[in-house]
Structure formats: structure tokens, C-alpha cells
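The structure under discussion appears below in the form of C-alpha cells.
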Amino acid sequence: MGVSVSTSDPMIGRLIDGRYQVRSRIARGGMATVYLATDLRLERRVAVKIMHGHLADDSQFTQRFIQEARSAARLAHPNVVNVFDQGQDQESAYLVMEYLPGITLRDLLHDYGALTPEQTIDISEAVLSGLAAAHRAGIVHRDLKPENVLLADDGRIKIGDFGLARAVSANTATGAALLGTIAYLSPELVTRGVADARSDIYAVGIMMFEMLTGEQPFKGEQPMQIAYQHAHDAVPAPSRVNHRVPGRLDELVLWATSRQPDDRPADARELLDSLRDIERDLPTTAQKTAVLPARPQTTAVLPAPREVAPDAATQVLGGRLAPAAATGVVSDSSAQLTAATRRRRRRGGVIALVVLLLAGLAAAAGWYFTFGPGARIGVPQVEGLDRAVAVSTLTTQGFAVGADQSAFSTSVAVGKVVGTDPPAGTALDKGASVSLRISKGPQPFPLPELSGQAEPTAITLVKSHWKSLESTRAFNADVPKGSVISALDGSGNLLTTGAGYGEKLPIQLVVSAGAIPPVAGLSVADATGRLTDAGLQVAEATKQEASETVPEGSVIRIDGDIAAIKPNDTVTLVASSGPPPVTIPDVVGQTWAKAKAALDAVGLKAKFKDGISQFLSGAPTASTVKAISPDQGTTARKGDTVTVTLQIAS
């Protein structure tokens, strides 16, 4: 973290909150400026981060700024920058952090390019240690990049800038604009704006790739080009750029940068443990990484002067100081020095020649293994591609395409590429043969007999090869309640016992809810109770219908198609309104025989007017109807009795 002094900055020399004396400006970002200051109360140097004044009215920026202080303050770890204080001075919010003189990882990569595997491991171990503490505290950083990794002059390595941190469990989207640096964003952040601890792991993997190779895995002229590659392309193995990268570090980087979050380490602790295993197994003579200077420098080491007698001339002989006693001795010494000089020159020429030869051999070897016949390249990732695209990708990389192999797959569509043989990332010679594994869909398994099984037993059978969806219920008088009626696929089509059905495909069970209870002849209240107990809702209003057989007020039936009713449906009852109405026929003036037939036809009973019925067992055929009550043409209910007055023939 280099310090740049700006005398034109009005903050220089200002006393913040009566405690922090601003000395100089360290860095400036899009949301805040960081200054070197002195804490007058504790007499120590600190870094003060002050939010830009024009953002003070934006509550979202202010809240994010305060969030950084709260997130970092929850952590107490040697590899996380400490936050000491937070407050408001005039119109701007500020937070006070520990000051670390040194550089950032970005500065180191800019000056040195690729780092050694040992240096990469040491820096990554420090970053993951601090990040593991954050994940353990429930915090996701969401903006990990080399600019936020600080390398102090005393060798300490710390993570800073928790301005974008969120709780691990929140798993929230960032809104319309993605936060964080595009080169280190995980695929899920690019496509869905959602981040969790595994998104931080992806960013660490990208940083490791950059440390091992000196470059980022994805490049583009526009940020969206890079974002697209993160979302749709697999990060290549670092050894494709730098063949000196050990295979186990290749595997670690590919694991950390898997496109699917579920395929990455769950958190920083899991990745850190694997990194330490690799560190123990790698053969190395290098010492632990010390923070390198900003630029390489060469310092001449001079020998310390020695004291000699003031009256004697001295010369170097065999590592001792001796006085020159006679001319002969001086001549002999001069000859020895001349001879030694010539020998050194000859040795220097030989060494120079050897160096040139070695350089030539190294260049030849470099060409041979990089561009020549001995070059080895990693098999590209082609999973999910059409076959034609995969073939083009392999041939462009210099591979020959062998015979296709078929493979079952639950995640890759039929006809698309499942993978390669050898697998992606395997280093092969140019021209080597690589076969494509083409998906033929999920492996089919015969469907067991599910009908009639108890629901828990059927679910266990389904889960043996398939995905069990939530069961649906249906009324069925023939299948006991709680037993399976049938099984459906993901589209609702009926599945047949014994037929092959693809592994991991969905199955939904249709389970019997028993028979719909009979309600005909019951009162509306009793019928409602029975249906409610069976899992149905009953409409308050009932339909009325005349019935010759069901007493008035009793239930005739359930309205609608009984077979279509499902549990939790709302049904309507049809209640009897009594016998149907009839019109009293016009029988006045007719003979009693015809009148009786007409009354019988509409379901009416007849009685004779008092004074006649008691002495006539049957009306004479010649008798005619003189009157009828109620009057003809009026309405009565079927089964009612009408009064007939006869005109008795004399």
C-alpha cells in the first residue's frame, strides 16, 4: 500500500472527529478515498477511509459503507485488515482501519508477472485463512481481487475492503448492476446476481490462476465479453499457459473455478485444507515466501576495509596482507596477478560460451515443448456442446478426433457432448486422439409395480432410481385410502409398470383418498359433515330440485361429475324441494270415468264432495263432473288430493 502525497487535497492536515489527523492520501476509489492519518489519542498510524461527499445523500452507498465496518469488525483474524472505528464527520461517513505499509497483490503481479507455485501457495494460504474466518462468521466478501489483498513490508498478508460483504445465509441478489470486479465474478453472480461462500471460492481460484500464469483466464475488449466467458466457459488449467505448474495445483484451480457452485468447495476452510495437503506433498527447497519489493534491485556488496601499517605498501597475497620488501617480490607478484587475470578471462569466456549453449538449448527445448512436436496441451472442456462444435474445438487445439463413445447422462441432452476420453484438462501431445462421449440421455430402468403399494413403500421404490415429486390425491372407491392408484411422469402422462424410464427423471404418485361418502337422503347438515371429514369443502348455498322419492329438504346428490372431484375441491349439494308441481286438468262436464283417468295421469288423488262418497262405492259411469276444487288450471303438487263434485244421473 504505497502512500501518495497530494498537497492539493483539502483533507490533508484536517482533524477528523477531533482525533484523527490526516497526513497524506494513500488511494482513491469509486466510493471513498483512503488517507494515512495519526490517531492522536492512541498515538499510532491508521488508515482512514472517507466516503466521497457527493455520495453522502445516497442512502444505499452510505449503508454499504457502514456495512463494511460492521462486517470487518466482526472478524478478528491475522489475515484480515482490522477495523478500529467508524463514524460521521460533517457530511461524510468514515471508518478507521489498521495501516499496512507495503503493496497489493496487484502491484506484485504487475512487477513480477507469474509467481512460483510456492509463492502462490503461501499467498493463497493466507487469503484462504482470512476468508475462512469470514465464512465461519457468516460473511461473504463478494469482491475478492488482487487489489484487495495487502502485502505488508513485514511479510503479513491480509484481506481488506469488505464494502460488498453480505451474510452467507442471505444469498441475495445485487440488483440491476453487478457489484465486484468483472474479471473475478462467479458464473452465478453474472447470470443471477446471487452470491454465497462458493462465489468467494471462485474468485480465489481466478486469483490463483493469475498468480501461476501472470494473466487472467478470460480476456475481452468489453466487460460483457469477459462476463459472458465466466458464465459459459470453463476456466482452463493453469498448466496450459505455464507448463511448470504442478498437476495438483491445476486440479485445485479447476475445482475452485467450477461453473456449478455445487461442484466447488463449500467454503474457504475446505479449499484451505486441500491446499495445505498439496503444500505438504509438493517437493520444494524454497523457503516461505517473503513479500517481494515493488521492483527488483541489485545492490553491490563491498568488503569492509582493513587496517594496515602507515609506512608499508600492501598487496593481496593468498588472502593475507604483506609488505613489499624487494623489487623481485613485486615483479613476481605482478606476474602472478597478470596470470590470474588471464585465467579469469579464459574462465569467463568458457562460462559465457557455456551460458550461450545452455540458453540455446533452453530456447530449443522451449520451442520443442511449447510449439514443436513435444508440445503438450490440455484437453479443452466441451461438455454440453453440439458434436460439430466440440469437434471444431478439439481440432483447433491440434487434437485428432477418435470414434465417438455413447454415455448415459442425467444432465446433458441427448446427442450433445457429455465429455471426452481422456477427460478435460488432461495434458496430451499435439495430434493425440481424443474421443467424444455423446449423451444418449438418462439410463432407463424398468418401472416397478407401484399401484396398490402403500405410499411410503412406493416412494422408497421411486427414489431408488428416479426423482420423487410430491404425491397428488384422488378419490377412488376401489383402492384403499393411502395406497397408490397410479404413477405419472413429469408431464402428467401415465407410466406403465415394467416399461423403461430414465434415471433421475421425475415421478409423481397418485394416492387414493378413499371413496367419496354417499350423502343421498341425508339432511344437508349431516351430508356437509361427512364430506368435510373426507377432505372436501362444501358450498354454503345448495341447489333445489323437485323429487318424488326424496323428502323435501334432504340431499338428492352432489352436483357435477363425481369422478372429477379431487380432495380439497369445493362441492355443491342438490337438495329436494319436494314432489314436482302439476296443473289441475279441465275435467268439468266430463264423465267421472274420463275425469278420473285425467287426474291419475298427472298424479292427483280425488275425493268426492261430502254427501255423495258415503253412499256411492263408485261413481256411476253416467255421472258427470259438476265442479273441482282447487279450480281447474291451478297448480298443485303431485300426490295432492282434489275435491270433485259429481252430477248424479237420474
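In table form, for the structure just shown:
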{"item": "Whole-number percent relative contact order across the stretch 444-512, with pairs defined as alpha carbons under 8 Å at least 6 apart", "result": "48"}
{"item": "Modelled FRET efficiency - R0 22 Å, A598 with T549, Cβ distances, 0.05 increments", "result": "0.35"}
{"item": "Footprinting exposure proxy for W592, W255 (fewest neighbouring C-beta atoms within 10 Å first)", "result": "W255, W592"}
{"item": "All lysines inside 26 Å of K609 as judged from Cα atoms, apart from same-chain residues fewer than 8 positions distant", "result": "K594, K596, K626, K638"}
{"item": "Partner lysines for K440 [C-alpha distance under 16 Å; skip if fewer than 8 residues away on the same chain]", "result": "K416, K504"}
{"item": "Relative contact order for the stretch 102-281, counting Cα pairs under 8 Å that sit 6 or more residues apart, in percent", "result": "25"}
{"item": "Inter-label distance for Q397 and A152, nm, one decimal - labels placed 7 Å from Cα along Cα-to-Cβ", "result": "4.3"}
{"item": "Relative contact order of the stretch 376-439, pairs being alpha-carbon contacts under 8 Å that are 6 or more residues apart, as %", "result": "48"}
{"item": "Those lysines that a straight Cα-Cα span of less than 23 Å connects to K49, excepting residues fewer than 8 apart in one chain", "result": "K145, K158"}
{"item": "Centre separation in Å (Cα based) which lies between the stretch 110-156 and the stretch 376-423", "result": "35"}
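Coordinate-derived values only; no laboratory data. Keep in mind the model is a prediction, meaning the values are calculated, not measured. Cβ sites come from the backbone with ideal geometry, for glycine too, and all protein chains shown count toward neighbours.
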